[in-house]
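Remarks on the structure that follows.
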Amino acid sequence: MGRSRRTFHLSTRDPSSARRDMRDELSFHVEERTAQLVARGLTPAAARAEAIHRLGASWESTEDRLGDSAEQKERRLNVRERLAELVDDIRYAIRGLAARPGFTAIAVLTLGIGIGANTAIYSAVDALLLRSLPYPEPGRLLDIVQSSSDEGPAPWSYVKYAFFRDAQRSYAALAAHADGQVILTGQEPERLGIEEVTGEYLKALGVRVARGRDFPPELDAAGGARRVALISDALWQRAFNADPAVVGTSLSLNNEPWEVIGVLPPGFRGLSGRADALLNLTARPADGLNEPWSLEFSLIGRLRDGVTVEQAVSEAGLIGPRIFEAFPMAAGTLTTSKEPSRWTAVARPLDTIRVASGLRRSLLVLFGAVGMVLLITCVNLANLLVARAVARKKEIAVRLALGAGRGRLVRLLVTESLVLALLGGAASLAIAWAGTRALGAINPQETLRVQGLQGGIGAVGFDAIQLDGRALLFTFGITVAVGLLFGLAPALGATRASLVGDLKDGGGAGGSGRRLGASRRVLVVAEVALAMVLLAGSGLMIRSLGRLLDVNPGFDGEGVLTLRLSMPPGVLAPDSMPGFYDRLQEEIAGVPGVQQVAIADCAPLSNGCNGTIMTFADRPESATGNAMVGVHWVSPNWFSTMRVPLTRGRAFAGTDRLGGPKVVIINEAAARQYFPGEDPIGKRVGVYQGGFHTGAEVIGIVGDVRYGTIDSTARPDVYISYGQARLSRMMVFARTTGDPSSLAPAVRAAVRRIAPGAPVFDIRSMSARVGAATAQARFSAVLLGLFAAVALSLAVMGTYGVLSFAVAQRTREIGIRMALGAERASVLGLVVRDGAILAGTGLAIGLVAALALTRVLRAMLFEVTTTDPVTYAAIVVLLAAAVLVATWVPARRAARVDPATALRKG
Amino acid sequence: MGDSPPLLKGTLDLLVLKALSWEPMHGFEIVSWLEQRSHGCVGVDDGALYYALHRMEERDLIESEWRLTPNNRKARYYRIRAAGRAHLRTEGASLERYARTLADILALRPG
């Protein structure tokens, strides 16, 4: 089709010249017709008039209309011709790629990995950082926190929220909310995630109930209000079989009846992302709600029309100090510093706190790293294509000589790289799919909290990571960009080739060959430098991970099974609790395979244990300020079960019971910090929890256990015995022989026998908890390590390719050198030196770049500086060694050149 | 030729292709060729001819190029392409059948 039109070539191509041609054609026609008519006897003027008349109404209108027609025809033909060319180019490209299956396979594979990894990480970045929040006009949603000069952001108490609510003029809807858990009591007790909210919560988020009605406004007035609940669609389906008559029925939560007034829309689980019910917050007793320093609520507000974010932010800054004036801090209340703290309120767009900053940072670092991997992949492919262009330079020269335009040739070559990129992009989908599945399976809440990455909106979760339309669009975009990136430079380089030189040249060391060789060297230097950056980043992360894994958490979790138990309030009389704990432990200890059983209220490394202040009987409060301590309830044998060493004094005994003298055990950190140079044993302290504020005796000191994140050192802790306190919250620790997880069903059954109404959950080995504490570090280290390994192998491939090529090109030269008496060793040195120069340059550039770029890792590293000399030395040695190995093979080949053969062949 | 009968729809393309099946011609040559062969009975509108040429060039039935006439004048010559010949064959045959049938019917006499 288009091709034959090209052979029978028409000089005019652009539509405006088609119009000009049409006019010429018409003039010619009119002249011919006029001549014919004159020959038949008409006067020249009449003949001309008749000739024009036969074409149309007037010369102008004919010229105009036929001009349009010609122009349109030309335009359509051009489009068709372009398409035909494209099809030709693609066919040519596919034929070329099929002819070199090895090259094509490597290219598609490396591209697939590079693009796939990018898509996977992009999906995570998109879901967690970019995609707009799933509420209408999310930009109008603000999160408001209190902020103190020494403690930073803090939640609200109900009365302070009420003060803020009544003082503000910025919000169309404002609500307090807190997430928590309750037990759905019934035949099969179940733990439910809930949110306690005030009436305008749904209005603020812009969510409507699917059936029933929203909280009535009158409930917001005071505490002790009617207990009403909105249930999630999931709970409605599960617990009520989607009964349309659910509204008005009752739900038993923590053994209290809650009236169901509505059902939430499908998929909506509150800001926490885990709520199965929204409960009326004001159902709490009034006295608790009126406690100004009971800080536990978050605030969400939707801006009133016409109010800007800036106005709301400055308003919060004005109202905040007034709240503090209205509710001054009582003397002796919790504070860590002696300075009186100043409080204010801070409003910030909800979008800015969607994920914890640490998580944001890791994601962006990984995104940067995969981007770099893709860049190396591109450089490597550009390198291979340059090599190919060198091999094809004669073909290209012939095409140029035959009159093919340079633009046309560049298009041909770029089409080839685009086809390659698209194949790689298609292959990448498998990797992207697997990657997004793996990322989406990360259990966010627990895993993130134990690593200090909590915060953010639960509704923005890893489970939103998926290979969706946006991710596919990203893949396509990046694929095309990559195809242009690695295809354009070699194409431009190849078509610049000098005509005469290449036509004469038999394919050996020609002028353009040398120039292309030089550009390949630049590419190899870039590859080595990029690999250096990635290796440095992953090296630092791996070293940091090593340090983390070396941390002694203060206990031995190997072989320990842990589970949580939640007692519905009111099931146990407080005084019967110690006896219950004993029975529970005995029952579990009877399970075959269980060696030791203990209970505690909170697991090590869970980063969510409670704390309070401690006072000292022998010191005035002003002298110490208030000592903050973590408070942990344990059964007497918990220390021996967890192998926490007792360093001084005695452990709890079965005789430390309710009503007996109160005793506590402190950890070494508390001893160091609060009893410097003193013996704490026998000292009396007050602990503001569990009724221990009246005073208790320190009877022992135990080793430090890390309760926070694994990378934060232990804080001062106080232990209280379950024998002397009343706490329904508990966690079972069972030391087992063999694999602890295999005993989970038996242990669960034992718990059920003692406490049939208590849901058992969160059954995991302690090793799994320790693993979760380092999960993110491992995740980052493993991924970065993987990326670095890819980078390293690509850099080695690149170096090898360039040097082999150089040796092949210089065979004749080497032959002459050897014929003239050069030693094999010196030939070997010649090539190795060549490689060393490439590697050295790349390493030097990479080192500078790595030192600059790895600074972003600072906050992610544990006990490793971003300039850690050991890491850098190891990386430089590794990379240099790898590149030298890559030079050794071509060097050996060069040294084996037989001068006679080389010269004859040349 | 204002008094010649109007051309049946679709027949102009075929007539032009027929003309070009002899040899490449420029626009005026095509018109003159048709006028001569039809003895003035086929009235080709000069303007319509060029629309037909554009249409057929777009459909790859013909192609064009600038050449010199025997009198050394520059003129745009049209040449029939393989697709054009095929078109002429099939469409020409069906038009012929149509014309014959039409003539037969018109030749019928009552009785």
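The values are calculated or read from the model by the stated rules, or taken from the named source; none is laboratory data. Predicted model only: the values in this text are computed from it and were never measured. Backbone-built Cβ (ideal geometry, glycine too); neighbour counts: all protein chains shown. We work out accessible area using only protein heavy atoms, side chains counted, and drop any ligands, DNA or RNA first. Shrake-Rupley method; radii C 1.70, N 1.55, O 1.52, S 1.80 Å.
The chymotrypsin sites (Phe, Trp or Tyr not before Pro) of the stretch B:35-111 include none that DSSP puts in a loop with a beta carbon having at most 14 other beta carbons within 10 Å. Hydrodynamic estimate: the Kirkwood radius of chain A over Cα pairs, inserted into Stokes-Einstein at 37 °C and 0.692 mPa s, corresponds to D of 96 µm²/s.
Ignoring ligands, DNA and RNA, what percent of the accessible area of the protein assembly as shown is carbon or sulfur (1.4 Å)? Intermediate values should be presented prior to the final figure.
Details: 26660 of 45310 Å².
Within the protein assembly as shown, the accessible surface is 59 percent carbon and sulfur.
Here is the list for the stretch A:609-713: trypsin sites (Lys or Arg not before Pro) lying in DSSP coil, each with at most 13 other C-beta atoms within 10 angstrom of its C-beta, are A:R650, A:R657. Of all complete DSSP H helices in chain A, those with a Cα span along the helix axis of 24 Å or greater and a mean Kyte-Doolittle hydropathy of 0.5 or more are A:101-125, A:357-391, A:406-440, A:469-495, A:511-550, A:775-809, A:824-853, A:869-895.
For the stretch B:11-107, the solvent-accessible area of protein heavy atoms averages 51 Å² per residue (probe radius 1.4 Å; ligands and nucleic acids excluded). Centroid-to-centroid, using Cα positions, the stretch A:259-323 and the stretch A:525-568 are 37 Å apart. Look at the dipole of chain A built from charges on Cβ: of A:I231, A:L130, A:P676, the Cα furthest out on the positive end belongs to A:L130.
Check each residue of the stretch B:48-76 and keep those whose accessible area, probe 1.4 Å, is at least 20 Å² smaller with all protein chains in place than in the chain alone; give them in order of residue number. By number: B:Y50, B:Y51, B:H54, B:E57, B:E58, B:D60, B:E63, B:S64, B:E65, B:W66, B:R73, B:R76.
Taking a 1.4 Å probe, which of A:T43, B:T11 shows the most accessible area, and what order do the others take after it?
Details: A:T43 80, B:T11 15 Å².
The ranking, largest first, comes out as A:T43, B:T11.
Taken as Cα centroids, the stretch B:21-79 and the stretch A:838-876 sit 76 Å apart, rounded to the nearest whole angstrom.
Provide a whole-number value for the mean count of partner chain Cβ atoms within 10 Å of the Cβ atoms in peptide A:59-68.
1
Residues of the stretch A:138-353: accessible area per residue at 1.4 Å, in Å²?
44 Å²
Basic side chains Lys and Arg get +1 at the Cβ, acidic Asp and Glu get -1 at the Cβ, and with that the dipole of chain A about its Cα centre reaches some 4380 debye. Once the piece of chain linking A:A874 and A:F327 is laid out straight, how much longer is it, given 0.36 nm per residue of separation minus the C-alpha distance between them? Contour length minus Cα-Cα distance gives 191.1 nm.
If we count every other residue with Cβ under 10 angstrom of A:A172's Cβ, Lys/Arg +1 and Asp/Glu -1, where does the sum land? Numbers along the way, then the final one.
Values: positive: A:R140, A:K203, A:R302, A:R304; negative: A:E200, A:D305.
Charge balance in the 10 Å sphere: +2.
Let's test the formula: R0 of 35 Å, r as the Cβ-Cβ distance of A:E188 and A:E291. What FRET efficiency results, to the nearest 0.05? Walk me through the intermediate numbers first.
Details: r = 35 Å, r/R0 = 1.01.
About 0.50, to the nearest 0.05.
Of the GluC sites (Glu not before Pro) found in the stretch A:84-193, the ones in coil according to DSSP and having at most 16 other Cβ atoms within 10 Å of their Cβ are A:E151. How many angstrom lie between the C-alpha centres of the stretch A:19-46 and the stretch A:123-145? The two parts, judged by their Cα centres, are 73 Å apart.
Within straight-line reach of A:K203, meaning a Cα separation under 12 Å, sit the following aspartates and glutamates at least 8 residues removed in sequence or on another chain: A:D214. The Cys residues in chain A with no partner Cys Cβ within less than 4.7 Å of their Cβ are A:C378.
Using C-alpha pairs below 8 Å separated by at least 6 residues, the relative contact order for the stretch B:11-107 is 30 percent.
Taking a ≥ b ≥ c as the square roots of the eigenvalues of the Cα gyration tensor, the stretch B:11-107 is prolate, since a/c reaches 1.5 or more and a/b is larger than b/c. Could you give me D for the stretch A:138-353, from Stokes-Einstein at 25 °C and 0.890 mPa s, where the hydrodynamic radius is the Kirkwood radius over C-alpha pairs? Units µm² s⁻¹, please. D, rounded to a whole number, is 136 µm²/s.
Among the protein heavy atoms, those of A:M372 account for about 40 Å² of accessible surface (1.4 Å probe, every chain in place). For the charge dipole of chain A, defined by +1 on Lys and Arg C-beta atoms and -1 on Asp and Glu C-beta atoms about the Cα centroid, which residue among A:V346, A:A714, A:G405 has the Cα displaced farthest towards the positive pole? Final value for the positive-end residue is A:G405.
Hey, with R₀ at 45 Å, roughly what FRET efficiency would A:T713 and A:R896 work out to, going by the Cβ-Cβ distance, to 0.05? Calculated transfer efficiency: 0.15. Chains B and A together bury roughly 2900 Å² of accessible surface, counting both sides and using a 1.4 Å probe on protein heavy atoms.
Based on Cβ point charges of +1 for Lys and Arg and -1 for Asp and Glu, what charge dipole magnitude is obtained for the stretch A:113-169 about its Cα centre, in debye rounded to the nearest 20?
Working: 5 positive and 6 negative charges, 42 e Å.
My answer is approximately 200 debye.
Only helices enter the 222 nm calculation for the protein assembly as shown: every DSSP H run of n ≥ 4 contributes -39,500 (n - 2.57), and dividing by all residues gives -17500 deg cm²/dmol, rounded to 500. Computed about its Cα centre, the charge dipole of the stretch A:748-906 is approximately 500 debye, with only Lys, Arg, Asp and Glu carrying charge at their Cβ. Of the Cα atoms belonging to the stretch A:568-757, the radius of gyration and Dmax stand at 16.9, 54 Å.
Averaged over the residues of A:122-129, the number of partner chain Cβ atoms lying within 10 Å of the residue Cβ comes to 0.
Between 0 and 90 degrees, rounded to the nearest ten: what's the tilt of helix B:82-107 against the longest Cα principal axis of chain B? The helix B:82-107 is inclined about 30 degrees to chain B. Note on A:L488 and A:R23: their simple-model spin labels are 3.8 nm apart, each label 7 Å out from Cα toward Cβ.
Spacing of the modelled spin labels on A:E813 and A:R726, each 7 Å from Cα toward Cβ, amounts to 9.2 nm.
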